[in-house]
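Remarks on the structure that follows.
The values are calculated or read from the model by the stated rules, or taken from the named source; none is laboratory data. Note that the structure is predicted; figures quoted are calculated from it, not measured. Every residue, glycine among them, receives a Cβ derived from its backbone with ideal geometry; neighbour counts consider all protein chains shown. All accessible areas refer to the heavy atoms of the entire protein, side chains included, with ligands and DNA or RNA removed. Shrake-Rupley method; radii C 1.70, N 1.55, O 1.52, S 1.80 Å.
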Amino acid sequence: MELNDYNNKMDEILNDLTMYRIQRQDLTLKLQNKNNSLVDKLFKMELVSKKDRNKLTTTTALPPRIYGLPKIHKKGTPLRPICSATGSPAHALCKYVAYILKNVTTSSLYNIKNTQDFKEKINNSYIYDDEKMISFDAVSLFPSIPTNLALDIIRNKWTTIEKYTKIPKKMFIEILKFCIKDNRYFKYNETTYTQLKGLPMGSPTSPIIADIVMEELLDNAMNKLARKPRLLTKYVDDLLAIINENVVQNILDALNSFDKNIKFITELEDDGKLPYLDSIVIRRGNQLKLMWYKKSITSGRIINYYSKHPKNMIINTAMGCIRRMMNITDDTYHNDIENEINILLKANDFPDKIIKTLLKRYKSPNSQRREENPKIIKSLTYVPKLSERLSTSDIYNKEDIKIAHKPMSTLKSIFNQTKSKIPQMEKSNIIYQIPCNGNDKELCNKVYVGTTKSKLKMI
């Protein structure tokens, strides 16, 4: 994407007056003081230790910075706004709260951890002739969840939450409100914006609160249905269900009736197939099978066999691809996936002999990683030939030390940085030097070198 196109699309997003508003002042110092006040209150009430108080207190906060992530699989390549909240006033406190809240959905009836977990749940499941596979996807979930709705749901779940914290309900809700309402701000090109609705993008609390809201939404929808889905799984805001084909609209209406801001779109199976996560669910007779799936926009690029990387890194990358593709796929389709693996690796210049060896290694019963004694890992820049000689040399103790080579060139160093840069004087945890100018009679060429955790800027 051209930089001008990127900037125009970001401006179009931020010019939405129903979602964002320009702030005249930077809110960082004000929110930092409020964060520290809440942390001090927790410490004085003996609800957190001194160690936790130090972790949760911030003195060098920076405003969250927004950037756009291109949705390359969609027409026109729209941007998904993402906020980098690391180092923001309440980032540590929000992580602390999120750690407590994650216990609410540990016994979820719907959640799946990843594609492998999904495979274990659905693979070889039975599907009747009058049933359909259907996926539901929430439209822009984080910005769509009203904060008051989220707070009400968490209040109602307090009997579960209080088992995992000593913080009183009233104070916990006050802290949560601070995390998801007060901290909905960010900077873009030196302009400060406030997000007017929804959960703050980039906050550590937003994913877990969204999961709790989705859990409540599904329970609410299932209670309204006379004919419930025979199987229902959830990964964040992506749902997959096996339902009778006559009640598809009933389920969609039940999901959309929970809150006027949260809406779902659907995708029905096509020719007995339905993509979900990085797999495709296939109706084979009356059974469901899983197969690894790639989107049409997939480039097929991995590390080229002849690229300037350590050979073990290249081989391990290829093995990682093979394991993922084969483990997701049902045994019925392993031959098809082996063909896909051959195409993928050949496109990245892997020799046929190497491809055969890697596939043989995957199928070997002893292909699992061997347990190794913990070692000290030292990172070194990879230099072709020299690094290989170093790895086999006797200049370090191989029993205690492991060398991890890293390439000099990375994608991050090649492409434009879309996040707003932190001004030089706003940076913290720095090394600085102050030259001595001497006086009128005597020149001085000495410098004072120091370090500080504080910002360089004098306040």
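What's the magnitude of the charge dipole for region 272-387 around its Cα centre, counting Lys and Arg as +1 and Asp and Glu as -1 at the beta-carbon? Answer in Debye, nearest 20. Provide the component values of the computation, followed by the final result.
On the way: 22 positive and 10 negative charges, 56 e Å.
In total the dipole reaches around 260 debye.
Given the options 382, 6, 246, identify the residue whose Cα lies farthest towards the positive end of the charge dipole of the chain (+1 on Cβ of Lys, Arg; -1 on Cβ of Asp, Glu).
Going by the Cα projections, it comes out as 382.
Which order do peptides 333-346, 13-26 fall in by mean Cβ count within 10 Å, highest first? Can you show the working numbers first?
Numbers: 333-346: 15.6, 13-26: 12.6.
Answer by packing, highest mean first, reads 333-346, 13-26.
Give me the percent of the accessible area of the chain that comes from carbon and sulfur atoms, probe 1.4 Å, all protein chains in place.
Numbers: 13920 of 28050 Å².
About 50 percent, which is the carbon plus sulfur part of the accessible surface.
Just grab the label-to-label distance for residue 412 and residue 12, each label 7 Å out from Cα along the Cβ direction, in nm (one decimal).
3.0
Which of these values of Rg and Dmax of the Cα atoms in Å was calculated from the structure shown: [x] 29.3, 136; [y] 21.9, 69; [z] 26.8, 98?
Matching the structure shown: [z].
Which of the lysines could a cross-linker span from residue 363 if the Cα-Cα distance has to be under 19 Å and same-chain partners fewer than 8 positions apart are dropped?
Counting by Cα, and skipping residues close in sequence, residue 363 has these lysines nearby: 353.
Mind checking which aspartates and glutamates have their C-alpha under 19 Å from residue 30, skipping anything on the same chain fewer than 8 residues away?
Partners within reach: 40, 174, 182, 190, 426.
Mind checking the dipole of region 386-442: about its Cα centre, +1 per Lys or Arg Cβ, -1 per Asp or Glu Cβ, Debye to the nearest 20?
Working: 9 positive and 7 negative charges, 80 e Å.
In debye, rounded to 20, region 386-442 gives about 380.
Could I have the simple spin-label model distance between residue 196 and residue 311, label points 7 Å from Cα toward Cβ, reported in nm to one decimal?
Taking the two extended label points, one gets 6.1 nm.
In percent, how large is the relative contact order of region 179-286, given Cα pairs closer than 8 Å and 6 or more residues apart? Spell out each step's value before the answer.
On the way: 88 pairs, mean separation 15.9, N = 108.
It comes to 15 percent, rounded to a whole number.
With a probe of 1.4 Å, find how much accessible area region 97-188 has per residue, and write the answer as a whole number in Å². Walk me through the intermediate numbers first.
Details: 4380 Å² over 92 residues.
I get 48 Å² per residue for this part.
How about region 157-219: which GluC sites (Glu not before Pro) there are in a DSSP loop, with at most 15 other Cβ atoms within 10 Å of their Cβ?
Numbers: sites: 162, 174, 190, 215, 216; in loops: 190.
Here the sparse-neighbourhood loop sites are 190.
In whole angstrom, how far apart do the alpha carbon centroids of region 374-391 and region 85-151 sit?
One Cα centre to the other: 40 Å.
Rounded, prolate or oblate for region 84-157? Axes are the square roots of the Cα gyration tensor eigenvalues, ordered a ≥ b ≥ c, and the cut-off for rounded is a/c under 1.5. Please report the intermediate quantities before stating the final value.
Details: a/c = 2.31, a/b = 2.02, b/c = 1.14.
Because a/c hits 1.5 or more and a/b exceeds b/c, region 84-157 counts as prolate.
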